[in-house]
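Throughout, read-outs are computed from the coordinates displayed, never taken from laboratory work. This structure is a prediction, so every number in the text was calculated from the model and none was measured. Virtual Cβ from ideal backbone geometry, glycine too; neighbours counted across all protein chains shown.
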Amino acid sequence: MIKYLEIGQIVNTFGIKGMVKVNPFTYDINRFDKLKKVYIKNNNVEKEYEIEEVKYHKNIVLIKFKEIETVEQANLLRNSYIMINRDEEKPLKKGTYYIVDLIGIDVYTENNENLGQLEDIFNTGSNDIYVVRTKLGKQILLPAISDVIKKIDLENKKMIVHLISGLM
């Protein structure tokens, strides 16, 4: 499993004192209040940054890092990803998974027929939709509901699904 979890992306600077605008990748936007440090991946280099201040504006998080004092320094972080150490994250509830752990998992029917790999996940509001890419390049859209998703085995990177009428 990966060491870090991405929780947002720096999309721009804010103000003149080195604050950055972050597009959060989390359902709980207020989680940033609890963070003392984060890791930023910039040009394939991961570096630890200490958080000085967090503010919110609409659905954007504004963060001031202790190490960043100017707009020019903040601008160098644009398009970088903010990550936290996976070990510092609270355990997930049973039946919930990190998207990063599901992407690339092999998807099989209950009859052990390989449908392909889980390529993407998007939310429709009522539930997630799993996008499976077959070996022939076709996309299969599976609703993440208990009638369809029967078993997820992260250790063996395998998902078992029941194809209800109309899915294919």
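Here is how the numbers come out for the structure above:
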quantity: Furthest towards positive pole of dipole, Ile68, Ile84, Tyr56, structure part the stretch 4-88, Cβ charges; calculated: Tyr56
quantity: Proximal lysines relative to Lys66, as straight alpha-carbon distance under 28 Å, when same-chain residues fewer than 8 apart are discounted; calculated: Lys3, Lys17, Lys21, Lys34, Lys36, Lys37, Lys41, Lys47, Lys55, Lys58, Lys90
quantity: P(r) tail fraction, the chain - alpha-carbon pairs more than 21 Å apart, %; calculated: 55
quantity: Sorted by Cβ neighbour density within 10 Å, fewest at the top, the residues Tyr56, Tyr49, Tyr130, Tyr27; calculated: Tyr27, Tyr56, Tyr49, Tyr130
quantity: Estimated Rh, the stretch 4-88: Kirkwood, alpha-carbon pairs, angstrom; calculated: 12.5
quantity: For Thr96, Thr70, order by how many other beta-carbon atoms lie within 10 Å, fewest first; calculated: Thr96, Thr70
quantity: The stretch 99-161: antiparallel DSSP beta bridges as a percent of all, rounded to 5; calculated: 80
quantity: Fewest-first ranking of Leu76, Leu92, using other Cβ atoms within 10 Å as the exposure measure; calculated: Leu92, Leu76
quantity: Simple Cβ-charge dipole of the chain, Lys/Arg +1 and Asp/Glu -1, about Cα centre, in debye nearest 20; calculated: 220
